[in-house]
Amino acid sequence: MKEYQFSSEFQVRDYECDIQGHVNNSVYLNYLEHCRHEYLKQLGLEFPELVSRGISLVVIRAELDYKWSLRSGDRFMVGVILEKISPLRYRFLQDIYLLPEKKLVLKARVTGTGVNAKGKPELPQEIVLALDRVS
């Protein structure tokens, strides 16, 4: 496993599984997003406060490589690395590992940006500063 800037542990809930008994592929996006939001909170960034100022953080690309399937009751960890890729874009490198085996389940690259109330790309100063701190 890599060294991550942030990680969270979870457990699969029954209702997240499909008829085959595996976590539905779309549910992995929820796991990844929840971990990203928790990481941003740790960095001092609150979505409701940004939205109240007319700034939305949005995903513009998500690439997921599924390596193994999680099942109901499995414990797993989501790791996050945040990197700046341009003045207006950032990327989250995220991995999911089955615990306690630390078996790789999924690799993801999620690219995002900010959009102001006029629909124009914009990263607020606190996000630029956070990206500078972690990059």
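The values are calculated or read from the model by the stated rules, or taken from the named source; none is laboratory data. Keep in mind that this is a model prediction, so the values were computed, not measured. Here the Cβ is made from the backbone with ideal geometry for all residues, glycine too, and neighbour counts use every protein chain on show.
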### Query
Just checking, how many residues over the range 46-62 are in contact with a strand residue (DSSP E or B) (Cβ under 8 Å, 6 or more places away or on another chain) and of a type outside the set (D, E, K, R)?
9
## Note on the structure
In the range 11-32, residues that are farther than 17 Å from D65 by Cβ and within 8 Å of the chain's Cα centre (by Cα) total 0
### Summary
The condition of being of a type in the set (K, R), under 16 Å from K2 (Cα atoms) and out of contact with any Cys (no Cβ under 9 Å at 6 or more places or on another chain) holds, among K103, K120, K41, only for K103
### Query
Do we have any residue at all in the range 59-72 that's under 14 Å from F6 (Cα atoms) and either among the aromatic types (F, W, Y) or out of contact with any helix residue (DSSP H, G or I) (no Cβ under 8 Å at 6 or more places or on another chain) (or both)?
no
### Summary
Over the range 34-56, the set of residues within 12 Å of the chain's Cα centre (by Cα) and buried (at least 16 other Cβ atoms within 10 Å of the Cβ) is C35, R36, Y39, L40
### Query
Say we look at the range 93-135 and pick out the residues that are acidic (D, E) and loosely packed, with under 14 Cβ neighbours inside 10 Å; which of these is modelled with the highest pLDDT?
E101
### Summary
The number of residues in the range 4-62 that are under 26 Å from K120 (Cα atoms), small (G, A, S) and part of a strand (DSSP E or B) is 2
#### Entry: Of all residues making up the range 86-130, the number that are under 24 Å from Y66 (Cβ atoms) and part of a strand (DSSP E or B)
20
### Task
Would you please name the residue that is surrounded by the most Cβ atoms within 10 Å (Cβ to Cβ), looking only at residues in the range 78-92 that are out of contact with any helix residue (DSSP H, G or I) (no Cβ under 9 Å at 6 or more places or on another chain) and of a type in the set (A, V, I, L, M)?
L88
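Matching residues to (1) without any contact (Cβ under 8 Å) to a residue 24 or more places away in the chain; (2) of a type in the set (D, E, K, R); (3) touching an Asp or Glu at 6+ places or on another chain (Cβ under 9 Å); (4) more than 22 Å from S26 (Cβ to Cβ):
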{"residue": "S52", "(1), (2), (3), (4)": "yes, no, no, yes"}
{"residue": "Y66", "(1), (2), (3), (4)": "no, no, no, no"}
{"residue": "D74", "(1), (2), (3), (4)": "no, yes, no, no"}
{"residue": "L82", "(1), (2), (3), (4)": "no, no, no, yes"}
{"residue": "L88", "(1), (2), (3), (4)": "no, no, yes, yes"}
{"residue": "R91", "(1), (2), (3), (4)": "yes, yes, yes, no"}
{"residue": "Y97", "(1), (2), (3), (4)": "no, no, no, no"}
{"residue": "L106", "(1), (2), (3), (4)": "no, no, yes, no"}
### Message
It is to be established whether one or more residues within the range 64-73 are in contact with a Gly (Cβ under 9 Å, 6 or more places away or on another chain) and either in a strand (DSSP E or B) or at pLDDT below 95 (or both).
### Response
yes
